[in-house]
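The values are calculated or read from the model by the stated rules, or taken from the named source; none is laboratory data. Just so it is clear, the model here is predicted, and its values are computed rather than measured. Backbone-built Cβ (ideal geometry, glycine too); neighbour counts: all protein chains shown. These area figures cover heavy atoms from the full protein model, side chains too; ligands, DNA and RNA do not enter into them. Shrake-Rupley method; radii C 1.70, N 1.55, O 1.52, S 1.80 Å.
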Amino acid sequence: MRQEHRCDRTAARSVRQEPSRESREEVSLEGHGERFTGADAARVRSILARDADVCSLRIERLHVEPEQLASLSSALSRITHLSLIHTGLHSEHIIELGTGICQSATLVDIDVSCNELRDSDADVLFRAVARSSSVTRVRLGSNPIGCAGVEHLVRCLRQRGRLEGVDLRSCELAQNGALELAEALLDGCSVERLELSDNRIDDDGALGFGRVLALQNDLRTLGLAMNSISSAGCAALARGLAQNGAHQTQFTAPFACIFMQWIWGGCGAMYAVPMSGQAGEEAVEHNQLSLAAAGSQSKNAVPAGH
């Protein structure tokens, strides 16, 4: 069970149950573009001070000023999950956040999706993550960090060696960003879950990640939905799986998957391909991905989420 303190304008408190093995109490503030006020910050600090079980802070669709974020910096020394989504973050915020990340020994998961962060902000953030002893997951989706932002992630990975999860969906990475990240993974950097949907990645990027899948065993989930990957790029990914037999034994989840969205004849469909050497080989042999996209599923096509 996950308990949630909802600090909305009526200060209501509720309990929400979710199908998770993890028990976590969360402070959650959600709005519709209003300001996150000093009173809101004081209320959060009060809850965190009196309830040692709270380990997650989520602020969404509230405009947070840098000074209010700074006033919560002490909270980062106690929580494990921080979400600042649609909160108007910019360079001043990221400087404050970077300081808090470096000082925290508990923070594991950072979500700053849907702001207007640029490559210079990604630089500050990933420098802080590189110095952190605890952060393993970073979500930067829907921030225009571009290819230059990937350079800062790669530098962080080279210092840290490994991150558990990185979400860069809709970050305008384009082809060069994808290829640079693939090269870093081939060069010894490690990410277990990598989300790269909606980044204008084409077949060259798919070829790069096909090589990653062939040679690197750490990548468990790769998100490539809403990119410009053709059947040739899909075949390259499947060949990578087929060439790496280690995936068959080292992936313990029922479906550690590559997610890709196909647009074929005006119809979009999402399919999950099991990350297994045998399944990858069969996908190439039967041209499974093309057949599934065209609406004629082969015996290996598995709808995403199953």
Original post:
Would you call Glu96 open to solvent by 10 Å² or more (accessible area, probe 1.4 Å), of a type outside the set (A, V, I, L, M, F, W, C) and either within 18 Å of Leu185 (Cα to Cα) or touching a His at 6+ places or on another chain (Cβ under 9 Å) (or both)?
Top reply: no
**OP:** May I ask you to verify whether Ile101 is in contact with a helix residue (DSSP H, G or I) (Cβ under 6 Å, 6 or more places away or on another chain), outside any strand (DSSP E or B) and within 25 Å of Arg35 (Cβ to Cβ)?
**Re:** yes
Subject >> Which numbered condition Gln159 fails, given (1) open to solvent by 10 Å² or more (accessible area, probe 1.4 Å); (2) of a type outside the set (A, V, I, L, M); (3) outside any strand (DSSP E or B); (4) under 24 Å from Ile85 (Cα atoms) >> reply: (4)
**OP:** Scan region 38-64 residue by residue and report those that are charged (D, E, K, R), at negative phi and at pLDDT 90 or above.
**Re:** Asp40, Arg43, Arg45, Arg58, Glu60
Original post:
With (1) out of contact with any Asp or Glu (no Cβ under 6 Å at 6 or more places or on another chain); (2) in a loop (DSSP other than H, G, I, E, B); (3) over 24 Å from Cys102 (Cα atoms) as the list, and Ser134 as the residue in question, which single condition is left unmet?
Top reply: (3)
**OP:** Among the residues of region 187-229, count how many are farther than 15 Å from Arg162 by Cα, in contact with a strand residue (DSSP E or B) (Cβ under 6 Å, 6 or more places away or on another chain), open to solvent by 40 Å² or more (accessible area, probe 1.4 Å) and not in a loop (DSSP other than H, G, I, E, B).
**Re:** 0
Original post:
Between residues in region 199-228 that are more than 18 Å from Gly188 (Cα to Cα) and residues that are of a type in the set (Ser, Thr, Tyr) and surrounded by fewer than 21 Cβ atoms within 10 Å (Cβ to Cβ), which pairs lie under 6 Å by C-beta distance while being six or more apart or on different chains?
Top reply: Asp202/Ser228; Asp203/Ser230; Gly223/Ser197; Ala225/Ser197; Met226/Ser197
Subject >> Count of region 53-92 residues which are under 17 Å from Arg118 (Cβ atoms), crowded, with 16+ Cβ neighbours inside 10 Å and within 20 Å of the chain's Cα centre (by Cα) >> reply: 5
